[in-house]
Ligand code: AMP
């Protein structure tokens, strides 16, 4: 968990790679549907473009279907889901039925002003989904992706990373998503990691440390 631009996508991908489990980003799934112009893509685009959350039932249905796939049998990393107490309650019900308790909720802490600065410089690769930051984590190829197999694919700015939309996303985050921290803290699964002022690699070291010390890290 974390505000938009806190580094959820970057850290979630690293965790998934390091632990050999799928990375499930509801934002990525929705963006793919928009790109492919599916029925779901057309439904969610209006919400995403203005920085609002898509309706809970759409987000929950997507996740429920995704985690039922075989590659999730040994675990998975959820990125950007749940984003409301209602979504968290629905997830809890699904996980109970599947007899898969939620292991850990990692919350990346970053101040709003740093978020606005970060997001205006964020760029992504439209082909492989790699995330760069022109200020803090620039690609080695100037304006193109530097991941093997992708080089020279020009990076793009997400539609919802424009400043006005970022401020709206932050407002929605504080109003609807932040209350989830209390929800997970009282269940003893929440751990906070400072996501500020460090490189993605340094934040990942802290993340791996709390994962390794999970039992001590998650105190109600
Ligand atoms: P993200 O890539 O996680 O920043 O998500 C981008 C956008 O997708 C959000 O601003 C929402 O409009 C939508 N979205 C992603 N995940 C969810 C979710 N769990 N619930 C509702 N909307 C979501």
Identify all residues within the stretch 140-152 that are assigned to a loop (DSSP other than H, G, I, E, B) and at pLDDT below 90; write none if there are none. 140, 142, 143, 146, 147, 148, 149, 150, 151, 152
Can you tell me how many residues in the stretch 181-210 are in contact with a strand residue (DSSP E or B) (Cβ under 8 Å, 6 or more places away or on another chain) and either assigned to a loop (DSSP other than H, G, I, E, B) or surrounded by 13 or more Cβ atoms within 10 Å (Cβ to Cβ) (or both)? 15
Only one of (1) within 14 Å of the ligand (Cβ to nearest atom); (2) assigned to a helix (DSSP H, G or I) does not apply to residue 95, and that is (1)
Only residues in the stretch 69-92 that are closer than 21 Å to residue 13 by Cα and more than 10 Å from the ligand (Cβ to nearest atom) count as the first member; pair them with residues that are at pLDDT below 95 and in a loop (DSSP other than H, G, I, E, B), Cβ under 6 angstrom, at least 6 apart or cross-chain, and list the lot. none
Could you check how many residues of the stretch 1-31 are more than 11 Å from the ligand (Cβ to nearest atom), more than 18 Å from residue 119 (Cβ to Cβ) and in a helix (DSSP H, G or I)? 6
Condition check for residue 115: closer than 22 Å to residue 206 by Cα, assigned to a strand (DSSP E or B), within 16 Å of the ligand (Cβ to nearest atom) and in contact (Cβ under 8 Å) with a residue 40 or more places away in the chain: no
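Given the options 49, 56, name the one that is within 12 Å of the ligand (Cβ to nearest atom) and at pLDDT 95 or above. If you could, list the steps in order and put the result at the bottom.
Working: 49 fails: at pLDDT 95 or above.
Unique residue meeting the criteria: 56.
The values are calculated or read from the model by the stated rules, or taken from the named source; none is laboratory data. Here the structure is a predicted model, which means the values were calculated and not measured. Heads up, the Cβs are rebuilt from the backbone with ideal geometry, glycines too, and the neighbour counts pull from every protein chain shown.
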